[in-house]
Amino acid sequence: MINQYLRFSVLAFVVLFLSACGEEAKQVVHLHGNTMGTTYNVKYVVDDRGQVDGLQEAIDARLVEINKLMSTYDPTSELSRFNQNRYTTPFPLSDETSLVVTEAIRLGKLSHNVLDVTVGPLVNLWGFGPNKRPEKVPSEEQISEVREYVGLDKISISEQGLRKTHPMVYVDLSTIAKGYGVDQVAAIMEENDMHNYLVEIGGEMRVKGERGNGEEWLIAIEKPVSTERSVQKIVSIGTNAIATSGDYRNYYEIDGKRYSHLIDPRTGKPITHNLVSVTVVDPSSMTADGLATAFNVMGWDEAKALAEKEHLAVFLIRRTADGFEEYASPEFDTMVEVKN
């Protein structure tokens, strides 16, 4: 299972409903299953060849392979063995795990160290990992102790492998691995010469082409409220991936104060700003997955500035005294067609 952060991404059940609306001119096959502590859904339009034999088996096998490499819940996975290793010499990694770690480090640097795959111990300290919710807020001393082995500067990757500078460093790829899984399933679709499909894992999604009636795939972005499941926007993203991160459901309160599951590695504490939802559109689901979390941790002003500087397609929602305020980056307006 790959699951450290509880992510509320694009509204999957609405997406699947919207993609099925209307009378289909061509048959659409829906494959689904379990992976990475969540579910996956794949839809594809059947062409003249008919349904593709063995497709679901190939998808399942590929996702099992990724889990065996990057799960933090499987103690025998490659990543778990790195985390259990208490030496600071390079630990050899497969090409796949190296690729995902390299992208995580790149996005970490791009986001001014906000996306930090070593932040897991802090997440656990605040009660959002496998550990139970703390009876009281962690002390400054406890936070400082854990921060001794948290930070992107504590890891490096080379041809020899992944190296930690402190024996307690713990890497969790949950903010990026589901997106990588989506990209790999999309690669299977392409290998089978299929060009009209939707792939979704735990809310991270990638689409290409059209659905059976010749119309584009429609995707619903969830309204950032904890009392109901409703739609903020319906969009068409072309041939791209989409990921949304929010903190409006996974939190707890102690003595009347709200603590978010999103931990800012720069402070070692939960975020306190009013940015409640971030959606990122990118050709890579892995990249969109990681950036959505990074922007959500950053906050409104910093997220806007980075999105515009790096020409990224980003849609933000923040809470105001009167409700919600939206922001769409210029790149988002260019790449995405809003349907409502």
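The values are calculated or read from the model by the stated rules, or taken from the named source; none is laboratory data. These figures come from a predicted structure and were not determined experimentally. In this analysis, Cβ positions are derived from the backbone assuming ideal geometry, glycine residues included, and neighbour counts consider all displayed protein chains.
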task: Please name all residue pairs, on different chains or six or more residues apart, with Cβ atoms under 6 Å, provided the first residue is in region 34-51 and is farther than 24 Å from N213 by Cβ and the second residue is of a type in the set (A, V, I, L, M) and outside any strand (DSSP E or B).
output: T35/L63; M36/I2; G37/M1
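Can you tell me which residue among R86, R62 is surrounded by fewer than 22 Cβ atoms within 10 Å (Cβ to Cβ), in a loop (DSSP other than H, G, I, E, B), of a type in the set (D, E, K, R) and modelled with pLDDT of 95 or more?
R86
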message: I'd like the full set of residues that are over 23 Å from the mean Cα position of the chain (by Cα), not in a loop (DSSP other than H, G, I, E, B) and not hydrophobic (A, V, I, L, M, F, W, C), limited to region 134-173.
response: E140, E141, Q142, S144, E145, R147, S158, G161, R163, K164
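Would you call Y170 closer than 16 Å to N124 by Cβ, at pLDDT 95 or above and touching a Pro at 6+ places or on another chain (Cβ under 6 Å)?
Values: closer than 16 Å to N124 by Cβ: yes; at pLDDT 95 or above: yes; touching a Pro at 6+ places or on another chain (Cβ under 6 Å): yes.
Yes; evaluated as a whole, the condition is true for this residue.
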statement: Only one of H273, H311 is modelled with pLDDT of 95 or more and more than 19 Å from the chain's Cα centre (by Cα), namely H311
query: Residue check, E57 against (1) more than 20 Å from E200 (Cα to Cα); (2) free of Cβ contacts under 8 Å to residues at least 24 places away in the same chain, all met but one. Which one?
result: (1)
Lone qualifier among T39, T118 - being surrounded by 14 or more Cβ atoms within 10 Å (Cβ to Cβ), of a type in the set (V, I, T) and in a strand (DSSP E or B): T39
message: Can you find, within region 123-151, the residue that is modelled with the lowest pLDDT among those that are touching a strand residue (DSSP E or B) at 6+ places or on another chain (Cβ under 8 Å) and aliphatic (A, V, I, L, M)?
response: V137
message: For L316, only one of the following conditions fails: (1) more than 23 Å from A177 (Cβ to Cβ); (2) at pLDDT 90 or above; (3) outside any strand (DSSP E or B). What is its number?
response: (3)
